[in-house]
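The values are calculated or read from the model by the stated rules, or taken from the named source; none is laboratory data. Being a predicted model, the structure only gives us computed values, none of them experimental. Here the Cβ is made from the backbone with ideal geometry for all residues, glycine too, and neighbour counts use every protein chain on show. With ligands, DNA and RNA removed, areas are computed over all heavy atoms of the protein, side chains included. Shrake-Rupley method; radii C 1.70, N 1.55, O 1.52, S 1.80 Å.
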Amino acid sequence: MTEIVHSPAQVPAYAARLNAPQQQAVLTTEGPVLMLAGAGTGKTAALTARLAHLVAMRLAWPSEILCVTFTNKAAREMRHRVGQHIGDAVEGMPWLGTFHSIGAKMLRRHAELVGLESNYTIIDTDDQLRLLKALIQQNDLDEKRWPARQLAGLIDRWKNRGLNPGDLDAVENEAYANGRGQQFYQLYQDRLKALNACDFGDLLLHMLNIFRTHREVLELYQKRFKYILVDEYQDTNQVQYLWLRLLAQDRKNICVVGDDDQSIYSWRGAEVANILRFEKDFPGAAVIKLEQNYRSTPHILAAASGLIRANSQRHDKTLWTEANGGDKVRVIGIWDGPEEARRVGEEIERLEREGAPLDQVAILVRAQYQTREFEDRFIQIGLNYKIVGGFRFYERAEIRDALAYLRVIAQPQDDLAFERIHNQPKRGLGAKTLEKMHQHARRTGLPLAAASLQLADSDELPPRAAATIAGLLGQFLHWRELAEQTTPAELLRQVLDESGYLAMLEAEKTAEAKGRIENLAELARAMEDYDTLGDFLEHVALVMDNDADDDVEKVTIMTMHAAKGLEFDNVFLPGWEEGVFPSQRALDEGGLASLEEERRLAYVALTRARRRCTVLHAANRRIYGQWTSSIPSRFVEELPPEHIEQETTLTGGRSLWQANWSENEDPFAHVSTARPERSGARGPGWQRALATGYETRAARVQESTRSAASFAAKARTDIAIGARVFHDKFGYGTVTDQEGNKLEIEFEQAGTKRVIDSFVTVAN
């Protein structure tokens, strides 16, 4: 590590308020610099002061400095702060911006070198999907099996890695349409060129290709940029890394700012290895650690630092603060998910009574589906909240779609709901068909669904559209009958399966689609608390009506990923159990590398807290409708014990996850007499009722047999392929295929149908 000492007289005014390592980062101007900036250590102040220093000392003209950020918001903040130091000179900095904006500016000047004109169009995601769907159709590929969204995700991944169509290996090529990935990537790029267009991934990939094949262009920019500054370097992907490395190879005056402990975006292409190998890429680099934290208490910082030390792939650094005192990190073990939401609600109300502002309270979750129980609980107790970085649970598109199906089942006259899902998933009922449906509804005065069925019996629609409408409304008739025979949760599961909605999401094979499936599973779980479909829909209507004024303070609910860069006085971290956090899906897909990223995410979550941080884990949790006994996250065990305060709701020194319930054991023996009670009177039977509730919940853990992966119940063992069965509606038929509890049956009169095995009997 290179260290330069400056006397106070040598330190300019814009660096005078900085601590010693920050000043060193500002004043070490020549050669490569790695500024390792831990959470809350003032890296933005150091970076902007360094940028101002380069201009103020006339080491470079503003136009000779390349400063790259990840977001437009960060670029605007950087420009504003630098302007406070150097005044109007900041207006002469054309190369301060995001990777995409700078890449687009460069490409406008050299577009002809990649077969484009300088007035090329940058297409958005919707245009990209339409273009890919057209290519799939033109090449006789089944878009349902090989969705355009899946291909778009693959192409984006390839471009983030700096791969052109010709660079794909056999494994990458096999990732789409059984070995046609390269073909469709090339077709897509050719089509973009014909349209004089590019997508966001092309903005850097095209310039990388130009740098590699036109040395004179690369040398032009190497000479232009005397200094390069990069913010959030731990979040760079491969193409960004290669682009930067080429630009910096001549002068090597590159300063990157980042924290490998906060690299949490591998799912969108970020590679933590980029910051870890900086010293190998640029030998002799000055490594400057910013470790003095200006945000959190000593206990919070020590807990976070102790946790992250379990990662092997990282630079060694330890956050510290000059502040004294503060609460230890609380680790609370509770019985189940609903109790977790109740406990957090009680804690927040206590903070509010003590004068804590609600806008300084945050709940950070690992997965979006976790927000649902908190939202429902806060509605019940009248606690204002907001979802940041996403929609409220019941406002998400997939949840609205599912609710629309349920609304049509409950109320056939609900035109708005029917219009929303008549072609979701895609059934070939386009805009023209919908307009005819509306016209007929207006002429006849019938609800849209009834008018559509009547229209299907006429000659006004093409036969295929008419048959599709009749089939869909036949499904609704079946579901309406089913609603009288089963629970709301089972009804939803069958609707999602039989409508093809789940199959549509599963076919996308993207992280976003998997998250949407998780949300639908959580919706089904929520419905298990209601006896009738009408009761549940009424509850949802009340929740959706919770539009409090923007002027009032609200608790913030958001994912840990969305919270990066933010801070709050009081932070609650629920769901710290194995399988929830760390995420089982992440571990299954990424192994040890994903585990270390999950641990970095825990570090980020802990360091969002300024004054108090509370971690919660449940002994039991319903996931996808299935009660699951949980063990605490390994991250709980990795928190340094001297900096945490543990609490459980069981007595006798036994942890929640160690409690073994048996029918001969008194469940009241495990209820803590020291458990904090919420303010308000409770009757003398409260403790016995609580114990009985625990016993009931424990029994439900053992009773659940539903599959987490498919929402399906166990298959019947008395039905096999080839069996002759009877269905009350479709009559006699023969089983031709079986998947779990789902049967494909060739009925003698009704044709081939897919039904749940519980709705048929074996015929003699």
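Yes/no matrix, rows are residues, columns are (1) open to solvent by 30 Å² or more (accessible area, probe 1.4 Å); (2) modelled with pLDDT under 95; (3) touching a Lys or Arg at 6+ places or on another chain (Cβ under 6 Å):
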position	(1), (2), (3)
Pro32	no, no, yes
Ala37	no, no, yes
Thr48	no, yes, yes
Leu51	no, yes, no
Leu59	yes, no, no
Phe70	yes, yes, no
Arg76	yes, yes, no
Checked against (1) acidic (Asp, Glu); (2) touching a Ser or Thr at 6+ places or on another chain (Cβ under 9 Å); (3) more than 30 Å from His539 (Cα to Cα), Glu349 satisfies every condition except (3)
Contact list please: Cβ distance under 6 Å, first residue in region 148-170 and of a type in the set (Val, Ile, Thr), second residue open to solvent by less than 40 Å² (accessible area, probe 1.4 Å), pairs at least six apart or on different chains. Ile155/Tyr185
Among the residues of region 211-240, write down those that are among the aromatic types (Phe, Trp, Tyr), assigned to a helix (DSSP H, G or I) and within 30 Å of Arg600 (Cβ to Cβ). Tyr233
Working only within region 296-329, note down all residues that are open to solvent by less than 50 Å² (accessible area, probe 1.4 Å) and basic (Lys, Arg). Arg314, Lys317
Answer residue from region 343-364, given it is of a type in the set (Lys, Arg) and surrounded by fewer than 19 Cβ atoms within 10 Å (Cβ to Cβ) and is nearest to Ile557 (Cα to Cα) among those: Arg350
With the first residue restricted to region 226-239 and required to be at positive phi and open to solvent by 20 Å² or more (accessible area, probe 1.4 Å), and the second required to be at pLDDT below 95 and of a type outside the set (S, T, N, Q), Cβ contacts under 8 Å at 6 or more apart or on different chains are Glu232/Phe70; Glu232/Ala74
How many of the residues in region 435-474 are open to solvent by 30 Å² or more (accessible area, probe 1.4 Å), in a helix (DSSP H, G or I) and among the aliphatic types (A, V, I, L, M)? 4
With respect to Thr734, is the statement that it is modelled with pLDDT of 80 or more and either β-branched (Val, Ile, Thr) or part of a loop (DSSP other than H, G, I, E, B) (or both) true? yes
Hey, can you tell me all the residues within region 127-144 that are open to solvent by 80 Å² or more (accessible area, probe 1.4 Å) and out of contact with any helix residue (DSSP H, G or I) (no Cβ under 9 Å at 6 or more places or on another chain)? Gln137, Asp140
Which condition from (1) surrounded by 15 or more Cβ atoms within 10 Å (Cβ to Cβ); (2) under 23 Å from Ala397 (Cβ atoms) is the one that Met544 breaks? (1)
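Going through Gly201, Gly162, Gly166 one at a time, which residue ends up being at pLDDT 95 or above, part of a loop (DSSP other than H, G, I, E, B) and either open to solvent by 20 Å² or more (accessible area, probe 1.4 Å) or closer than 26 Å to Tyr265 by Cα (or both)?
On inspection, the qualifying residue turns out to be Gly162.
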Quick one: in region 13-30, of everything that is out of contact with any strand residue (DSSP E or B) (no Cβ under 7 Å at 6 or more places or on another chain) and surrounded by 16 or more Cβ atoms within 10 Å (Cβ to Cβ), which residue is modelled with the lowest pLDDT? Tyr14
Collect the residues in region 214-224 that are under 13 Å from Glu112 (Cβ atoms) and of a type outside the set (A, V, I, L, M, F, W, C), keeping them in residue-number order. His214
Residue by residue through region 629-647, note down the ones that are β-branched (Val, Ile, Thr) and modelled with pLDDT of 95 or more. Val636, Ile644
State yes or no: is Ala483 closer than 15 Å to Asp414 by Cα, of a type in the set (Gly, Ala, Ser), touching a Ser or Thr at 6+ places or on another chain (Cβ under 9 Å) and surrounded by 15 or more Cβ atoms within 10 Å (Cβ to Cβ)? no
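Would you mention how many residues in region 402-432 are over 24 Å from Arg366 (Cα atoms), assigned to a helix (DSSP H, G or I) and open to solvent by less than 20 Å² (accessible area, probe 1.4 Å)?
Counting residues in region 402-432 that are over 24 Å from Arg366 (Cα atoms), assigned to a helix (DSSP H, G or I) and open to solvent by less than 20 Å² (accessible area, probe 1.4 Å) gives 9.
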Within region 101-126, considering residues that are part of a helix (DSSP H, G or I) and open to solvent by 80 Å² or more (accessible area, probe 1.4 Å), the one farthest from Arg224 (Cα to Cα): Asp126
Given the condition of a type in the set (Phe, Trp, Tyr), more than 30 Å from Ile264 (Cβ to Cβ) and touching a residue at least 60 places away in the same chain (Cβ under 8 Å), answer yes or no: does some residue in region 364-374 qualify? no
Within region 241-280, considering residues that are in contact with an Asp or Glu (Cβ under 7 Å, 6 or more places away or on another chain) and of a type in the set (A, V, I, L, M, F, W, C), the one surrounded by the fewest Cβ atoms within 10 Å (Cβ to Cβ): Leu276
Matching residues, region 565-614, being without any contact (Cβ under 8 Å) to a residue 60 or more places away in the chain, assigned to a strand (DSSP E or B) and surrounded by fewer than 21 Cβ atoms within 10 Å (Cβ to Cβ): Gly579
Got a number for residues in region 195-216 being of a type in the set (Phe, Trp, Tyr) and free of Cβ contacts under 8 Å to residues at least 40 places away in the same chain? 1
Segments classed as strands (runs of 3 or more DSSP E), wholly inside region 1-100, with at least 2 members that are closer than 27 Å to Gly201 by Cα and without any contact (Cβ under 8 Å) to a residue 60 or more places away in the chain: 96-98
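Based on this model, can you work out whether Arg330 counts as within 30 Å of Met35 (Cα to Cα), in contact with a strand residue (DSSP E or B) (Cβ under 9 Å, 6 or more places away or on another chain) and of a type outside the set (A, V, I, L, M)?
Numbers: within 30 Å of Met35 (Cα to Cα): no; in contact with a strand residue (DSSP E or B) (Cβ under 9 Å, 6 or more places away or on another chain): yes; of a type outside the set (A, V, I, L, M): yes.
Criteria not met by Arg330.
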Hey, does region 107-120 have a residue that's closer than 28 Å to Tyr241 by Cβ and of a type in the set (Val, Ile, Thr)? yes
